[in-house]
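I have placed the structure first, in the form of C-alpha cells, so that the comments after it can refer back to it.
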Amino acid sequence: ITGSGGSFLPLIGGTMTGDTIHNDNVKSIYGNAGDLEIYHDGTDSYIKEAGVGSLKIWAKDFEVYNSGGTETLINADVNGGVQLYYDNTTRFATSSQGVTVTGNLSTTGSVVIPDAGRLYLGTNDDAQVYHDGANFYANNSTGQLNIDQAAVTQSIVFRVSDANALDVTALTISRNGDLITGRDVTIAGDLTVNGTT
C-alpha cells in the first residue's frame with residue numbers, strides 16, 4: 001500500500017513498481033510449509049532453506065562479491081571453471097585438466113594419490129613419485145638426486161621386512177658418515193679402503 005486509497009498489489013499477483021522494506025527479523029517466506037526464508041536479524045543476512053529439499057541456485061554464470069562489489073570471492077562459469085579468491089586473487093581454480101592451486105597447499109589430513117597417479121615435481125616434471133599398484137618409484141631425470149638428513153646427530157636408516165614388517169635394519173648411515181650393514185656385503189667391483197683398517 002503506497003498510501004490511503006493508493007495502489008494495491010492484488011492477491012492474484014501483479015507487478016511491483018517500488019521497493020518493499022522488511023525490518024529486522026521480518027522474513028520473506030516461500031513454500032507451503034515455509035521452506036525458504038530470506039531475512040536480516042539485525043546483525044547478519046540469511047537465505048535459509050528451512051524445510052524439505054535443498055537450496056538450489058540456478059545460474060548461467062555465478063559470481064559472489066564483497067558487499068561493496070570491489071572484490072571477487074567466487075566465480076563459476078557454465079561449461080567452464082570455478083575460481084575461489086583470497087583478497088581478490090585467485091587461489092584455487094578448476095579446469096578441464098584438474099585443479100590449480102596458487103600459493104601453498106596446507107592440509108590437516110592425508111593427501112591420497114591412487115595407483116597410477118603421480119606426484120610431479122619441477123617445471124618439466126623432472127621428478128616423479130608414484131605407485132603402480134605393485135611397486136613404488138621415486139624417479140629423478142635432471143641433476144643429481146639428493147637425500148639430505150638435516151636433523152643434527154641423527155642417522156639415515158633403511159629397514160626391510162623379513163619375517164615381520166620392518167623387522168630388519170638393512171643399512172644405517174650414521175651421523176658422521178659411517179656405513180653399517182645388517183648382514184653380509186657383496187661387492188661386484190673393486191673395494192678401495194682409504195682408512196687403516
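The values are calculated or read from the model by the stated rules, or taken from the named source; none is laboratory data. Since we're looking at a predicted model, the values are computed, not measured. Backbone-built Cβ (ideal geometry, glycine too); neighbour counts: all protein chains shown. Each accessible area value is taken on the protein alone, full model and side chains, heavy atoms only, with ligands, DNA and RNA left out. Shrake-Rupley method; radii C 1.70, N 1.55, O 1.52, S 1.80 Å.
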Inset, instruction - Being surrounded by 10 or more Cβ atoms within 10 Å (Cβ to Cβ) and either over 30 Å from residue 120 (Cβ atoms) or among the aliphatic types (A, V, I, L, M) (or both) is the filter here, so list the residues in the stretch 156-165 that pass it. - result: 156, 157, 160, 162
Inset, instruction - Out of the residues in the stretch 56-71 that are within 24 Å of the chain's Cα centre (by Cα) and not charged (D, E, K, R), state the one that is surrounded by the fewest Cβ atoms within 10 Å (Cβ to Cβ). - result: 57
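For (1) on the phi > 0 side of the Ramachandran plot; (2) in a loop (DSSP other than H, G, I, E, B), each residue gets a yes or a no:
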residue	(1), (2)
51	no, yes
58	no, yes
79	yes, yes
99	no, no
109	no, yes
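Mind listing whichever residues of the stretch 167-195 are among the acidic types (Asp, Glu) and open to solvent by less than 80 Å² (accessible area, probe 1.4 Å)? Talk me through it step by step, then tell me what you get.
Within the stretch 167-195, the first condition is being among the acidic types (Asp, Glu), and the residues that meet it are 167, 178, 184, 190.
Hit for the stretch 167-195 is 167, nothing else.
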Inset, instruction - Find the residue count for the stretch 21-54, including only residues that are open to solvent by 60 Å² or more (accessible area, probe 1.4 Å) and among the charged types (D, E, K, R). - result: 5
Legend entry - Count of the stretch 72-88 residues which are surrounded by fewer than 11 Cβ atoms within 10 Å (Cβ to Cβ) and either in contact (Cβ under 8 Å) with a residue 12 or more places away in the chain or within 24 Å of residue 30 (Cβ to Cβ) (or both): 2
Inset, instruction - Report, ordered by the first and then the second residue, all pairs with beta carbons closer than 7 Å, sequence separation of six or more or different chains, a first member in the stretch 15-38 that is part of a loop (DSSP other than H, G, I, E, B), and a second member that is of a type in the set (A, V, I, L, M) and surrounded by fewer than 11 Cβ atoms within 10 Å (Cβ to Cβ). - result: 35/52
Inset, instruction - Could you check residue 125 against (1) in a loop (DSSP other than H, G, I, E, B); (2) on the phi < 0 side of the Ramachandran plot and say which number it fails? - result: (2)
